[in-house]
Each structure stands twice: as structure tokens, then as C-alpha cells.
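Q: After the C-alpha cells below, expect a handful of questions from me.
Every number in this text was worked out from the coordinates using simple rules, so none of it is lab data. Source: prediction; values computed, not measured. Counting neighbours? That spans all protein chains shown, and the Cβs are built from the backbone with ideal geometry, glycine included.
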Amino acid sequence: MKDNFRKAKRILNTNISTCPKVIAVNGCCYGKDDSPDKGEYLKLCGQRFWEFISGIESLYTDIIEPLGHKAKEKNEEFLEQYGKVVNRFCLEFIEMFCDSEGAIKWEAVIEFNSGKK
């Protein structure tokens, strides 16, 4: 990353005679770093990153609530579909590999998994 930052600065400085000062930024969507100046680049984490890209100091908290609601909706939908798949697989397994009392017929499992076709 540092090498790429150096190369980009070098290219910009040679291609544009009135090039403004180039500052390389390593952005991180979350976390904290109270020493963002790393010498050759800035490392902006959490609030500093979101404010840098948007100009809005509170963006990092403004986006959390809507994201949380969307995540909850998607999670509920996922869990519903996941439950259906688990139920279907369990039914298939019971039908194929269990006896009438629910005991696993291990020979049938091994034959299915490793037997000749």
C-alpha cells in the first residue's frame, strides 16, 4: 500500500506542473485511531473516515440505524428460508436414512456416500 501511495504521488508530481499537495488516505469504515498521521499517509478510521468522505460529522451514526433495520429485515427473511431448508433436508434424511423408529441406518448412509454407482 505504501509503495502504491509513493508511486501515485510520484506520477502525479511529474505529470502535472501545478499539482496540489497529494495526501494518501487509508480509510477504514470502523474503529478508532487517535493518531491518523502515519507520516506518508493518513489512516482515517470510523467517524474520521465517514466525515472525510461525506463532509458530515455525524454520518457514521446517521447510517447505523437504517443499516440496522435493513439488516434485521434481511436476517429475519434469511432465518425463515434457512428453517425451511433445514426442515426439507431433515425430512429427506429421515426418509432415506432412518428406520421407522427414527434410528439412523448407518449402512445406508455409508452406501450413499461411498458406495459404487
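Q: Could you tell me the calculated FRET efficiency between Asn4 and Asp34, based on Cβ-Cβ distance and R0 = 35 angstrom, to the nearest 0.05? Walk me through the intermediate numbers first.
A: Details: r = 25 Å, r/R0 = 0.72.
According to the calculation, E is roughly 0.90.
Q: Subtracting the Cα-Cα distance from 0.36 nm times the residue separation, let me have the gained length for Val109 to Ile64 in nm, one decimal. Don't skip to the end; give the middle numbers.
A: Values: separation 45, 0.36 × 45 = 16.20 nm, distance 4.70 nm.
Going from the current span to full extension adds 11.5 nm.
Q: Right, next: Pick out, from Asn4, Leu67, Phe52, the residue whose Cα sits farthest towards the positive end of the charge dipole of the chain, with +1 on the Cβ of Lys and Arg and -1 on the Cβ of Asp and Glu.
A: Most positive-ward Cα: Asn4.
Q: Still on this structure: Stretched out fully, how many nm does the piece from Asn26 to Glu51 gain, at 0.36 nm a residue minus the Cα gap? Write out the running numbers ahead of the final one.
A: Numbers: separation 25, 0.36 × 25 = 9.00 nm, distance 1.37 nm.
This chain segment gains 7.6 nm when fully extended.
Q: Another question, then. Based on DSSP loop calls and a cut-off of at most 16 other Cβ atoms within 10 Å, the longest stretch of the chain free of exposed GluC sites (Glu not before Pro) is what? Don't jump to the answer; show the numbers that get you there.
A: On the way: sites that count: Glu40, Glu57, Glu101.
Segment 58-100 is the longest.
Q: Using each residue's phi in region 100-111, evaluate 6.51 cos²θ - 1.76 cosθ + 1.60 at θ = phi - 60° and report the 3J(HN,Hα) Karplus result to the nearest Hz, with x for Gly and Pro.
A: 5, 9, x, 6, 6, 8, 4, 4, 5, 5, 5, 4
Q: Another question about this same structure. If you place +1 on the Cβ of every Lys and Arg, -1 on the Cβ of every Asp and Glu, and leave all else neutral, what size is the dipole of region 2-62 about its Cα centre, to the nearest 20 Debye?
A: Details: 10 positive and 8 negative charges, 96 e Å.
Value, rounded to 20: 460 debye.
Q: For the chain, go through all pairs of different Cα atoms, get the mean of 1/r, take its inverse, and jot down that Kirkwood value in Å.
A: Working: mean 1/r = 0.0494 Å⁻¹.
Mean inverse Cα-Cα distance, inverted, gives 20.2 Å.
Q: If each Cα of region 57-117 is one equal point scatterer, what is log10 of I(q)/I(0) from the Debye formula at q = 0.26 Å⁻¹?
A: Values returned for q = 0.26 Å⁻¹ are -1.00.
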